[in-house]
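> Before anything else, here's the structure in question.
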Amino acid sequence: MAVLPRVEINLEKIRHNAKTLKQLFGRKGISITGVVKGVTADLNIAGALVEAGITSLADSKIANIEKMRKAGIKADLILLRSPGISEVEKTVRYADISMNTELDTIRALSAEAVRQQKTHKIILMVEMGDLREGILLKDAPAMIREIFTCPGIELAGIGTNFACFGGVLPTEQKMQTFSRFVQAMQELFSLKLPYVSGGNSANYNWAVKTKDAEAVNNVRLGESILLGRETSGGHTIPSLYQDAFCFVAEVIESKIKPSVPYGTIGKNAFGEQVTFIDRGNRRRTIISAGRHDVLVSGLTPVRPFHIIGSSSDHIILDTKDAVLVPGDEVRFYMNYGAMLRAMTSPYVYKTYVHGAATTEPYKQQFLLSRGTRQNRPAETEKSPAN
């Protein structure tokens with residue numbers, strides 16, 4: 001019996017992407033932290049990254065860090081954002097490292113680390129212009145001096161962020177400025193930092209082109225591993241798979257209908273005033289998934305279909321000359337937003353392909369036929385909520 005809607009996850013393609021990027025960045029002396037927040041720290045995916053040689057994993061939700069810790073994932077676990085004061089106890093208990101910018105939070109972590117008789121490591125995030133998290137460079141020396149007064153806290157790294165909020169790119173000049181700042185702090189305080197974390201998947205182009213990474217010895221990669229793309233321009237990365245994730249949903253209606261709604265038109269269920277192009281009568285196919293399940297704008301049909309629109313629980317397709325019937329499956333490529341929502345949704349099944357990748361990178365091809373549903377080499381982990 002087919003399980004639908006579902007995300008099919010090819011673990012071998014994820015392992016391939018992780019190994020390839022590990023080698024690429026490794027040639028520049030840069031380690032990789034695998035970011036798993038986009039897949040809710042899925043344990044199968046986390047395990048695949050560890051199998052690929054990734055030694056640290058990061059997530060922005062302490063609940064996901066806890067999940068990986070209790071599952072015995074053998075990697076350093078990093079809380080990818082500053083913990084809330086309300087999260088301090090669990091952060092010290094489950095995270096090896098957390099990223100921080102506020103002295104009050106660091107002091108709270110210190111008190112909790114003493115209470116738990118542990119040493120908690122932190123990465124101090126500094127601002128390089130993207131204007132999300134980070135302290136100003138001029139404030140760093142005073143902050144570091146205060147950190148040294150906090151028992152139970154170890155300064156394990158200095159990090160920065162690019163192309164997340166403001167879209168500021170990790171140019172060669174920006175990266176040199178960051179490296180030289182870190183080098184100055186290392187000299188001033190006689191620091192040895194295991195993590196000089198210089199960015200994320202937006203750093204791919206810099207890493208390929210730079211002749212010297214200087215102080216940077218780590219980057220945090222999520223989308224580039226999972227979807228084979230760098231994020232500064234959304235371009236594919238050579239030799240990586242972009243189709244490790246596939247969204248699959250079931251046809252529930254397929255009929256010839258007018259292409260323009262008829263009657264007095266107002267706003268739709270989402271408060272949108274939608275316009276339509278009159279293409280005459282067209283075959284409109286409805287599948288059993290919608291905005292409740294996935295970011296519809298982040299889907300691209302594998303076959304040459306056109307997404308007309310969607311509601312909470314329906315996606316409407318123009319399938320052109322293809323005649324589909326109820327029970328058929330329609331498959332979609334996914335961007336990061338679509339993957340994130342589908343992996344988060346309790347209404348979408350997650351299935352895993354454990355065998356070797358059957359296509360070369362870039363040659364993304366999926367079969368769509370009524371007869372393949374019973375023989376798909378995938379394993380279902382969990383069912384959606386009732």
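The values are calculated or read from the model by the stated rules, or taken from the named source; none is laboratory data. Since the model is a prediction, treat every value here as computed from it, not as a measurement. Heads up, the Cβs are rebuilt from the backbone with ideal geometry, glycines too, and the neighbour counts pull from every protein chain shown.
> Looking at THR119, THR160, which one is modelled with pLDDT of 95 or more, surrounded by fewer than 22 Cβ atoms within 10 Å (Cβ to Cβ) and of a type in the set (Val, Ile, Thr)? Outline the logic, then answer.
Details: THR160 fails: surrounded by fewer than 22 Cβ atoms within 10 Å (Cβ to Cβ).
Every option except THR119 fails the conditions.
> Just to be sure, is GLY228 in contact with a strand residue (DSSP E or B) (Cβ under 9 Å, 6 or more places away or on another chain) and on the phi > 0 side of the Ramachandran plot? Break it down into steps so the answer makes sense when it comes.
On the way: in contact with a strand residue (DSSP E or B) (Cβ under 9 Å, 6 or more places away or on another chain): yes; on the phi > 0 side of the Ramachandran plot: yes.
The answer is yes for GLY228.
> Separate question: Which condition does THR285 not pass, out of (1) surrounded by fewer than 23 Cβ atoms within 10 Å (Cβ to Cβ); (2) in contact with a Leu (Cβ under 9 Å, 6 or more places away or on another chain), if it passes all the others?
Unmet for THR285, out of (1) surrounded by fewer than 23 Cβ atoms within 10 Å (Cβ to Cβ); (2) in contact with a Leu (Cβ under 9 Å, 6 or more places away or on another chain): (1).
> Among the residues of region 188-211, is there at least one that is charged (D, E, K, R), crowded, with 18+ Cβ neighbours inside 10 Å and more than 28 Å from the chain's Cα centre (by Cα)?
Scanning region 188-211 turns up no residue that is charged (D, E, K, R), crowded, with 18+ Cβ neighbours inside 10 Å and more than 28 Å from the chain's Cα centre (by Cα).
> Against the conditions (1) outside any loop (DSSP other than H, G, I, E, B); (2) touching a Ser or Thr at 6+ places or on another chain (Cβ under 7 Å); (3) among the hydrophobic types (A, V, I, L, M, F, W, C), where does PHE247 fall short? Just the number, please.
(2)
> Please work out if ILE30 is in the same structural domain as HIS120 (by TED's automatic domain parsing), within 22 Å of ILE106 (Cβ to Cβ) and among the β-branched types (Val, Ile, Thr). Give the derivation first.
Details: in the same structural domain as HIS120 (by TED's automatic domain parsing): yes; within 22 Å of ILE106 (Cβ to Cβ): no; among the β-branched types (Val, Ile, Thr): yes.
Taking the combined requirement at face value, the residue does not satisfy it.
> To continue, here is another question. Show the residue pairs that are 6+ apart or on different chains and have beta-carbon atoms under 7 Å apart, the first residue being within region 148-171 and at positive phi, the second being surrounded by fewer than 22 Cβ atoms within 10 Å (Cβ to Cβ) and acidic (Asp, Glu).
Here the result reads ALA163/ASP130, each pair linking region 148-171 to a residue that is surrounded by fewer than 22 Cβ atoms within 10 Å (Cβ to Cβ) and acidic (Asp, Glu).
> Still on this structure, please answer the following. Would you pick out the residues in region 205-225 that are free of Cβ contacts under 8 Å to residues at least 60 places away in the same chain and outside any loop (DSSP other than H, G, I, E, B)?
ASN205, TRP206, LYS209
> Collect the residues in region 1-45 that are part of a loop (DSSP other than H, G, I, E, B), closer than 21 Å to GLN242 by Cβ and β-branched (Val, Ile, Thr), keeping them in residue-number order. Give the derivation first.
Within region 1-45, the first condition is being part of a loop (DSSP other than H, G, I, E, B), and the residues that meet it are 1-5, 27-30, 36, 40-42.
Restricting the remaining residues to those that are closer than 21 Å to GLN242 by Cβ gives 5, 36, 40, 42.
Across region 1-45, the qualifying residues are VAL36, THR40.
> Condition test on MET143, is it closer than 17 Å to VAL216 by Cα and either in contact (Cβ under 8 Å) with a residue 40 or more places away in the chain or not assigned by TED's automatic domain parsing to the domain that holds ASP212 (or both)?
Values: closer than 17 Å to VAL216 by Cα: no; either in contact (Cβ under 8 Å) with a residue 40 or more places away in the chain or not assigned by TED's automatic domain parsing to the domain that holds ASP212 (or both): yes.
Against the criterion (closer than 17 Å to VAL216 by Cα and either in contact (Cβ under 8 Å) with a residue 40 or more places away in the chain or not assigned by TED's automatic domain parsing to the domain that holds ASP212 (or both)), MET143 does not qualify.
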